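The values are calculated or read from the model by the stated rules, or taken from the named source; none is laboratory data. What you see is a predicted model; the values in this text were computed from it and never measured. Cβ placement follows ideal geometry from the backbone for every residue including glycine, while neighbour counts extend to all protein chains displayed.
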Amino acid sequence: MEKEIQIETMKRSHVSQVWEIEKQCFATPWSKQALIKELQVNRLALYFVAIYNDIVAGYAGMWKIVDEGHITNIAVLPQLQGQGIGSALLERLIEAGKISQLQALTLEVRVGNQKARSLYEKYGFRIMGIRKEYYQDNREDGYIMWKSLSQY
Ligand SMILES: CC(C)(COP(=O)(O)OP(=O)(O)OC[C@H]1O[C@@H](n2cnc3c(N)ncnc32)[C@H](O)[C@@H]1OP(=O)(O)O)[C@@H](O)C(=O)NCCC(=O)NCCS
């Protein structure tokens, strides 16, 4: 499986498939227009897609804000989860953060999202705070997680 996953920089031509992933993975998906804006307008944004068997199987992105990377989203098509695609995407974000000399990466995750929490913990993210009722659809709390990229 590992060899069949290609991680590429996200392009406009990937957006329709990424939007499908959004709709299948999230209760409040980003709109197609929001995704296009990320690519064409937001100069802080950096997005990758995972290509598997010629389809967009997952995507992930972050905003580079000064010396921090704020991970906005990571998602894999439900039928392809559990096969290393999320890990490959997160590894690429971490690598990109190091290349850009970011000091740390951060993200928010639903307290009940055990899969995502396990993924982040596997790559060294740690819970550093909580945002009460952060998610508007069900008022779920969000954990704030950080991973240091600093050598010191
Ligand atoms: C979170 C997500 C991106 C992980 O992608 P994935 O391709 O399934 O991840 P991987 O196969 O690379 O697995 C990576 C790690 O995730 C965790 N994980 C994966 N499936 C899991 C499961 N069913 N239960 C618990 N942990 C799980 C494990 O720690 C796993 O590492 P391991 O295989 O060494 O045990 C994916 O589940 C997803 O798209 N979820 C819906 C969207 C979402 O919630 N995104 C996060 C928003 S903060």
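Any residue in the range 111-121 that is within 11 Å of the ligand (Cβ to nearest atom), modelled with pLDDT of 95 or more, closer than 24 Å to Leu44 by Cβ and among the acidic types (Asp, Glu)? The answer is no; no qualifying residue exists. Of the residues making up the range 95-106, those that are away from the ligand (no atom under 13 Å from the Cβ) and touching a residue at least 24 places away in the same chain (Cβ under 8 Å) are Ala96, Gly97, Lys98, Ser100, Gln101, Leu102, Gln103, Ala104. Does any residue of the range 96-106 turn out to be more than 15 Å from the chain's Cα centre (by Cα), surrounded by fewer than 14 Cβ atoms within 10 Å (Cβ to Cβ) and of a type in the set (A, V, I, L, M, F, W, C)? Yes: the range 96-106 contains one or more residues that are more than 15 Å from the chain's Cα centre (by Cα), surrounded by fewer than 14 Cβ atoms within 10 Å (Cβ to Cβ) and of a type in the set (A, V, I, L, M, F, W, C). The combined condition, being within 14 Å of the ligand (Cβ to nearest atom), modelled with pLDDT of 95 or more, out of contact with any Pro (no Cβ under 9 Å at 6 or more places or on another chain) and among the aliphatic types (A, V, I, L, M), is fulfilled by Leu80.
Within the range 25-38, the residues that satisfy the criterion of being closer than 20 Å to Ile55 by Cβ, out of contact with any strand residue (DSSP E or B) (no Cβ under 8 Å at 6 or more places or on another chain) and either aliphatic (A, V, I, L, M) or in a helix (DSSP H, G or I) (or both) are Lys32, Leu35, Ile36.
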